[in-house]
Amino acid sequence: MMWTSFLATWRAMLMDKGALTLLFVGGVLYSFFYPLPYTKEIVQRVPVAVVDQDRSSMSRQMTRFAMAHPALQVVAVTPELHAAQDLLWRGDVMGVLIIPEGLQTKVLAGRAAQAQVAGNGLYLMLNKVALNGLAEVVGTVSAGIELKRLAAATPSNYQASGQRAPIAFDAVPLFNVKEGYGAYVVPGVATLIVQQTLLIGMTMLFGTWYQRKTFPLPGPRTARGYLGMLLAFASVAFLNCCYFFGFVFWFQDYPRGGNFAGLLLLLPLFSLTVAAFGMLLAMLFRTRERGTQLMIATSMPVLFLAGLTWPVSSMPVVLQWLRWLLPSTAGIQGFVALNQMGASVYEIRHEVAGLLGLLAACLALGWRRWRMEEKTS
């Protein structure tokens, strides 16, 4: 009976064009179109403007350094602050370097001098690159001035460099080696895509079965029938996860394969949990469209609750606990830790425990609902 239920569920999925598109075609489309905007992991040639109110040799040196910076493209040099502000507000530039009048005079006199940078916070990545690039320009010029002062008081330039930076600092990114946004967000969103497409497909199927009274399993609602349907939906999630983690990450060249053995352990657990959660949720809907509307509307909040794009410490305490009622919370954190960061299974023990607890609760509630459906049908 269990394998009969398994095959009947698969047959029903393959016969429903809408569910088939969501469960299988949707993931393939997402895997190519969602990472598309992030294909250029390193942002370069961000347009910036320089407000040179000092008009000195030092300010001209800063401008030349900004023009030579690989991440920046100086599109305007002007002494007028309001002209640069207009460019920033229109979106023609993403950052502005403001060199105030008297900067060189203060530096030569040994007094503290300041240059200002401003950015367009509407575009986070461009704003970050513009501000960091302009800050590096100012820092490079400042370091050169300091080295000249130290060189005048020391026998060699080597000793001057050592006095300025006695401790060497070399930043090496470990997990997101390109420090790109795609490698940061896509691996976590892939887990959410697997969950949401499965949940939408399941609610569509159950809604259709209730509307048309064409439940695919013959006979009474038995435990074997429930497990067979659960395994069928879990196999869909498992296949989609294998597609994303095995092919898409390789094709898009994202960090992958950190702990393959741990990944094989978490994959079936996550798949079963999402399937059990989906069956419990789907049995609450009586129309085909209602579940789709709910899943689409809640996709972004679910992503934020996972703690990937929004820090958990900034969430209300209630949400910090309630977010564990969603499989994606433990799934995203666990898969990113294993696949991208090479974490051990022990290091994701909290995520594993969360999935096990949620699976047990969904199985108990789902089986109860399953039996209730038989009495009311």
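The values are calculated or read from the model by the stated rules, or taken from the named source; none is laboratory data. Nothing here was measured: the structure is a model prediction, and the numbers come from that model. All Cβ positions, even for glycine, are placed from backbone atoms using ideal geometry, and neighbour counts span all protein chains on display. The accessibility values were calculated without ligands, DNA or RNA, using every heavy atom of the protein model including side chains. Shrake-Rupley method; radii C 1.70, N 1.55, O 1.52, S 1.80 Å.
Condition test on L363, is it touching a helix residue (DSSP H, G or I) at 6+ places or on another chain (Cβ under 8 Å), open to solvent by 80 Å² or more (accessible area, probe 1.4 Å) and either part of a helix (DSSP H, G or I) or not basic (K, R) (or both)? So L363 fails the test.
Checked against the criterion of being without any contact (Cβ under 8 Å) to a residue 24 or more places away in the chain and surrounded by 16 or more Cβ atoms within 10 Å (Cβ to Cβ), region 252-262 has no qualifying residue.
Residues that are more than 10 Å from L134 (Cα to Cα) and either of a type in the set (D, E, K, R) or surrounded by 15 or more Cβ atoms within 10 Å (Cβ to Cβ) (or both) within region 64-74 comprise R64, Q73, V74, listed in sequence order.
Checking each residue in region 333-358 for being aliphatic (A, V, I, L, M), in a helix (DSSP H, G or I), surrounded by 18 or more Cβ atoms within 10 Å (Cβ to Cβ) and out of contact with any Phe, Trp or Tyr (no Cβ under 8 Å at 6 or more places or on another chain) picks out V336, A337, L338, I348, V352. Against the numbered list (1) open to solvent by less than 10 Å² (accessible area, probe 1.4 Å); (2) within 19 Å of N127 (Cα to Cα); (3) not basic (K, R), P35 comes up short only at (2). Whenever a residue of region 116-128 is within 14 Å of V48 (Cα to Cα), it has no partner that is among the charged types (D, E, K, R) lying with C-beta atoms less than 6 angstrom away and at least six residues away or across chains.
Summed over region 198-253, residues that are within 30 Å of V177 (Cα to Cα) and of a type in the set (S, T, Y) total 1.
Does V96 meet the test of being assigned to a strand (DSSP E or B), open to solvent by 20 Å² or more (accessible area, probe 1.4 Å) and touching a helix residue (DSSP H, G or I) at 6+ places or on another chain (Cβ under 6 Å)? So V96 does not fit the description; no. For region 298-321, a tally of residues being among the polar types (S, T, N, Q) and surrounded by 12 or more Cβ atoms within 10 Å (Cβ to Cβ) returns 4.
Can you tell me which residue is nearest to L281 (Cα to Cα) among those in region 310-332 that are among the polar types (S, T, N, Q) and free of Cβ contacts under 8 Å to residues at least 60 places away in the same chain? Per the criteria, the residue is T329.
Residues of region 279-297 include none that is open to solvent by less than 10 Å² (accessible area, probe 1.4 Å) and among the hydroxyl-bearing types (S, T, Y).
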